[in-house]
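Let me begin by presenting the structure, written as structure tokens, before commenting on it.
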Amino acid sequence: MSDISNPLLDRSFPIPFDRITPQDIGPAVAEVLASAGERIDELGAGRGGSYNDVLGALDATTRELSLTWGPVSHLSNVASTPALREAHGEALPEITRFSSRLHHHEGLFKRLHGFAESTAGLALAGLRKRHLDRTLEDFRRAGAELGMHDKQLLEKLRVELAELSRRFEENLLDETASFKKVVPRAEDLAGLPPTALERAAHLAEQKGEDGWLLTLDMPSVQAVLQHADDRGLRREIHGAYLDRCTSGERDNGPLISRILEIRRQLADILGYADFPDYRLETLMASSGARVRRFLDDLIDGTRPFHERDTAQLEARARGSALGDLEPWDVSYLMEKIRKEHFDVDDEMLRPWFPLDEVQAGLFEIAKRLFGLSVAQADNPAVWHPDVGFFEVRDEAGLHLGSFYTDWFPRDSKRQGAWMDNLVSGGPAPGGGFNPHLAFIGGNFSPPTESRPALLTHREVCTLFHEFGHLLHHTCSRVEIPERGGVNVAWDWVEVPSQIMENWCWEREALDLFARHYETGEALPDELLQRLLAARRFMGGWLQMRQLSFANLDLELHRSYGGDTPVMDYAASTMRPFVPSGRFVERHILPSFAHLFAGGYASAYYSYIWSETLEADAFSRFAKGGVLDPEIGRAFRDCILAQGDSRDADELFRDFMGRDPDPAALINRNLGTPPQP
Ligand SMILES: [Zn+2]
């Protein structure tokens, strides 16, 4: 029997986050692993049976494990403490080992195979058949067909890999939190916008310092790099940001080398040519070679725009007496040129984007387009007072799911913005509907004493993006949760999120939320026109930057063999994408959490791959009406509700009535190539 006084074993909805303590982790994990282990042995020893006896029972067992472990991982992202870290770190190898043992359980694998070949198995169709095929594929890909020696080696490597990823993330969090720079005189921060100054003053006050405090969290770094007139200060912050985890106790270099080595070994043991061929086998792109061609084509198409943008930045650096363009000048000069050419910058739009209004507008868009009602709900069981809680219902009032929001930086919280699926619901087997539960959060500029949280336009896009992932999770109507929501091919998963960003650029949509926080005035048309005119500004530079990261990721996993220092290899791989050697003296690798602590290894291309599909899919809204409820419902039914119930290219064809057009991305993001 479960000890439901342990909140990690309590299956009430929503999760009782306020009751979870680090002391609960060890006992909960031990209990759930022990009973899962028994269940797996029973399954492995049994024979015959129906779909529910075999696959259904297996799913129920692994689901228990994710319901226990999900909240632990989530808390380590949003409310990390030394005690939590310790408990998380102790339990992680057990979790990893269990997943390995599950996939290597001979009896279980035989039972699944036996079922697949039985009359009941052969008679399966549709979703259940797909799920059985995918499950067997998961087992095979995890090494179920290998000999004992290789299985043991794989398990050892996977446990080590999980531990290395955890240490990578912790190093990054600690290194980010450890940097503090106190600036005593206001004139040293010339150029910084009032929001950033106010925040820096507030941070200093909190730490008992006089003056202004600069940190390495995103809002602080961006404010300096985009706006500080003092080139030395920009250089210092840029350096500190990219120097994170490059030396000393928290050096991520050795972890990266070892992670890459393990991935090469895994692919080898499993019989693949390289890690990308293993990783991409079940994705839309299907192989490293296909991704290589995809990237090469896009790099070629982007190059003329990138050269144009680089030349413009270099000319501006020379013209403003900076001389050679340096890495810490790029964001600063971009803002300056943008301001001059379009009279618009990131800061001046903030007053029209108060966070609460933006969120309310986003919910209104979800209502008009997808027929969803989102309303704030009471839930005191959260991990921090900043956290919001909302319920989503469909047109018939059915409770589809609930979600948490958490938008401001804290030392105990990881960087970036993300969505987490905490509970995967869907149509219940006996009728009715189990609600989904999820989280969206990020690191936006928080409110100050004198004003509410005001977002930049870029932050608004981020919020819409994460909400797109949330919709994908929450709208899932797939009866088998393992095949529902965001459990889709990795290079399809960013389609619902990235497509949502389009609504941040449409007058009709902006009218629903862009309102001045003091006057209530709508975003003036001439300001919007300037914003739209600037939309493709520096598009070549920015797109090439994304491509350079995707290229680095692919080559690290496809071509790098461990024979040169990994930091040097990364520098030389990035070199063709930047104006001078100075730009690769420091680089993203030691803090590239997507590859070493997230799931993007050899799949970073998936952002731009998804963007190609999404740019094309949005053209249907652009033609038929951006708030057209019929197109919105079609998108919800054909894509958001479907999860992985069918192949992604079929879902795309259902919505568009044709295959994707690869030219859509460059047409939308960059326009007509510049004349040389
Ligand atoms: Zn995303």
Yes/no for E518 being away from the ligand (no atom under 16 Å from the Cβ) and open to solvent by 20 Å² or more (accessible area, probe 1.4 Å): yes
Scan of region 448-479 for residues that are within 16 Å of the ligand (Cβ to nearest atom), open to solvent by 10 Å² or more (accessible area, probe 1.4 Å) and among the hydroxyl-bearing types (S, T, Y), ordered by number: T462
Candidate set: region 375-418, residues that are polar (S, T, N, Q) and in contact with a strand residue (DSSP E or B) (Cβ under 8 Å, 6 or more places away or on another chain); chosen: the one modelled with the lowest pLDDT: N379
Residues of region 623-676 satisfying the condition of being touching an Asp or Glu at 6+ places or on another chain (Cβ under 7 Å) and at pLDDT below 95: P660, D661, A664, L665
Selection within region 323-346 - within 26 Å of the chain's Cα centre (by Cα) and either among the basic types (K, R) or open to solvent by 30 Å² or more (accessible area, probe 1.4 Å) (or both): S331
Subset tally (residues that are within 15 Å of the chain's Cα centre (by Cα) and open to solvent by 10 Å² or more (accessible area, probe 1.4 Å)) for region 609-622: 2
Set V221, V182: member being surrounded by fewer than 18 Cβ atoms within 10 Å (Cβ to Cβ), β-branched (V, I, T) and over 24 Å from H103 (Cβ atoms): V182
Members of region 480-498 that are away from the ligand (no atom under 14 Å from the Cβ) and either assigned to a helix (DSSP H, G or I) or within 17 Å of A664 (Cα to Cα) (or both): P481, E482, R483
Candidates G539, G562, filtered to the one that is away from the ligand (no atom under 16 Å from the Cβ), of a type outside the set (D, E, K, R), at positive phi and surrounded by fewer than 21 Cβ atoms within 10 Å (Cβ to Cβ): G562
Odd one out for E501 among (1) farther than 21 Å from P629 by Cα; (2) open to solvent by 50 Å² or more (accessible area, probe 1.4 Å); (3) within 16 Å of the ligand (Cβ to nearest atom): (1)
S402 part of a loop (DSSP other than H, G, I, E, B), away from the ligand (no atom under 16 Å from the Cβ) and closer than 26 Å to S73 by Cβ: no
Hits in region 221-267 (condition: part of a loop (DSSP other than H, G, I, E, B), farther than 30 Å from E347 by Cα and under 23 Å from the mean Cα position of the chain (by Cα)): C245, N252
Some residue of region 33-44 being in contact with a Gly (Cβ under 8 Å, 6 or more places away or on another chain) and surrounded by fewer than 19 Cβ atoms within 10 Å (Cβ to Cβ): yes
Flag for S100 being modelled with pLDDT under 95, touching a Lys or Arg at 6+ places or on another chain (Cβ under 6 Å) and of a type outside the set (D, E): yes
Where W418 falls short, out of the listed (1) buried (at least 23 other Cβ atoms within 10 Å of the Cβ); (2) within 14 Å of the ligand (Cβ to nearest atom): (1)
Of residues in region 421-443 being buried (at least 20 other Cβ atoms within 10 Å of the Cβ) and more than 16 Å from the ligand (Cβ to nearest atom), the one nearest to N77 (Cα to Cα): L422
Some residue of region 638-652 being open to solvent by 60 Å² or more (accessible area, probe 1.4 Å) and in a helix (DSSP H, G or I): yes
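The values are calculated or read from the model by the stated rules, or taken from the named source; none is laboratory data. All values derive from a computational prediction rather than experimental measurement. We place every Cβ from the backbone using ideal geometry, glycine too, and count neighbours over all the protein chains shown. Each accessible area value is taken on the protein alone, full model and side chains, heavy atoms only, with ligands, DNA and RNA left out. Shrake-Rupley method; radii C 1.70, N 1.55, O 1.52, S 1.80 Å.
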